[in-house]
Amino acid sequence: MLSTQNISLSYGKRVLFDEVSINFTKGNCYGIIGANGAGKSTFLKILSGEIEPNKGIVSLSPNERLSMLKQNQHEYNEFTVLNTVLIGNKKMWDIQQQKMRCI
Ligand SMILES: Nc1ncnc2c1ncn2[C@@H]1O[C@H](COP(=O)(O)OP(=O)(O)O)[C@@H](O)[C@H]1O
Ligand SMILES: [Mg+2]
């Protein structure tokens, strides 16, 4: 399970998150919705560890991993859907590429 505890983040006076605690539980699909500038991308970056919040923690259950694709809709045009998903996990993708070079 992926969860956050008391995530807070501000940019200057702009408070994006104030003590956000949430559990993303197995078997569910989640969408993050909000107006432009509400903080959706920033929240995903916090979840993936790309940026650190001012306060709070993100936790992932042991033996689970998180992959994230960047928000550029044309960045993966030359890849199949399967490979695009694999690219989200860089370590796995690099190993896959190495494996393919050996065949
Ligand atoms: N590195 C940063 N420094 C200062 N302000 C930022 C930074 N990143 C995002 N912001 C601001 O935080 C707010 C949320 O941005 P963002 O997460 O990209 O929103 P969304 O994805 O919901 O459109 C916006 O007002 C944006 O200008
Ligand atoms: Mg965004």
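The values are calculated or read from the model by the stated rules, or taken from the named source; none is laboratory data. This structure is a prediction, so every number in the text was calculated from the model and none was measured. No Cβ is skipped: glycine too gets one built from the backbone with ideal geometry, and neighbour counts run over all protein chains shown.
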*Output the residue which, of all residues in the stretch 84-103 that are modelled with pLDDT of 90 or more and surrounded by 10 or more Cβ atoms within 10 Å (Cβ to Cβ), is nearest to Thr42 (Cα to Cα).*
Trp93
*Criterion: within 16 Å of ligand 1 (Cβ to nearest atom), touching a Gly at 6+ places or on another chain (Cβ under 9 Å) and among the basic types (Lys, Arg) - qualifying residue of Lys40, Lys45*: Lys40
*asked:* Give all pairs with beta carbons closer than 8 Å in which a residue from the stretch 68-96 that is in contact (Cβ under 8 Å) with a residue 40 or more places away in the chain meets a residue that is within 16 Å of ligand 1 (Cβ to nearest atom); count only pairs at least 6 apart in sequence or on separate chains.
replied: none
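How many of the residues in the stretch 40-63 are assigned to a loop (DSSP other than H, G, I, E, B) and over 13 Å from the mean Cα position of the chain (by Cα)?
Initial filter on the stretch 40-63 (assigned to a loop (DSSP other than H, G, I, E, B)): 49-54, 61-63.
Now drop any that are not over 13 Å from the mean Cα position of the chain (by Cα), which leaves 53-54, 61-63.
So the answer is 5.
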*Does the stretch 79-92 contain any residue that is within 12 Å of ligand 1 (Cβ to nearest atom) and assigned to a loop (DSSP other than H, G, I, E, B)?*
no
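Name the single residue that is nearest to ligand 1 (Cβ to nearest atom) among those in the stretch 60-78 being of a type in the set (S, T, N, Q) and on the phi < 0 side of the Ramachandran plot. Steps first, please.
Looking only at the stretch 60-78, we keep the residues that are of a type in the set (S, T, N, Q), and these are 61, 63, 67, 71-73, 77.
Narrowing further to those that are on the phi < 0 side of the Ramachandran plot: 61, 67, 71-73, 77.
Working: Ser61: 26, Ser67: 19, Gln71: 8, Asn72: 13, Gln73: 14, Asn77: 22 Å.
Only one residue fits best here, namely Gln71.
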*Show the residue pairs that are 6+ apart or on different chains and have beta-carbon atoms under 8 Å apart, the first residue being within the stretch 41-63 and closer than 18 Å to Lys90 by Cβ, the second being of a type outside the set (A, V, I, L, M) and within 13 Å of ligand 2 (Cβ to nearest atom).*
Ile51/Thr42; Ile51/Lys45
_Extreme residue, nearest to ligand 2 (Cβ to nearest atom), among residues of the stretch 39-83 that are aromatic (Phe, Trp, Tyr) and surrounded by 14 or more Cβ atoms within 10 Å (Cβ to Cβ)_ = Phe43
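Can you go through Ile7, Ile57, Ile33, Ile51 and tell me which one is among the β-branched types (Val, Ile, Thr), farther than 25 Å from Gln96 by Cβ and more than 16 Å from ligand 1 (Cβ to nearest atom)? Reasoning before the result, please.
Numbers: Ile7 fails: more than 16 Å from ligand 1 (Cβ to nearest atom); Ile33 fails: more than 16 Å from ligand 1 (Cβ to nearest atom); Ile51 fails: more than 16 Å from ligand 1 (Cβ to nearest atom).
The conditions single out Ile57.
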*Output the number of the condition that Gln5 fails; it satisfies all remaining conditions of (1) part of a strand (DSSP E or B); (2) exposed (fewer than 12 other Cβ atoms within 10 Å of the Cβ).*
(2)
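Can we say Glu19 is more than 14 Å from ligand 1 (Cβ to nearest atom) and outside any strand (DSSP E or B)?
Details: more than 14 Å from ligand 1 (Cβ to nearest atom): yes; outside any strand (DSSP E or B): no.
Spelling it out, it is not the case that Glu19 is more than 14 Å from ligand 1 (Cβ to nearest atom) and outside any strand (DSSP E or B).
What number of residues within the stretch 22-38 are touching a helix residue (DSSP H, G or I) at 6+ places or on another chain (Cβ under 9 Å) and either assigned to a loop (DSSP other than H, G, I, E, B) or within 16 Å of ligand 2 (Cβ to nearest atom) (or both)? Let's see the steps before the verdict.
Let us first name the residues in the stretch 22-38 that are touching a helix residue (DSSP H, G or I) at 6+ places or on another chain (Cβ under 9 Å), namely 24, 32-34.
Going one step further and asking which of them are either assigned to a loop (DSSP other than H, G, I, E, B) or within 16 Å of ligand 2 (Cβ to nearest atom) (or both), we end up with 32-34.
Summing the residues that are touching a helix residue (DSSP H, G or I) at 6+ places or on another chain (Cβ under 9 Å) and either assigned to a loop (DSSP other than H, G, I, E, B) or within 16 Å of ligand 2 (Cβ to nearest atom) (or both) in the stretch 22-38 gives 3.
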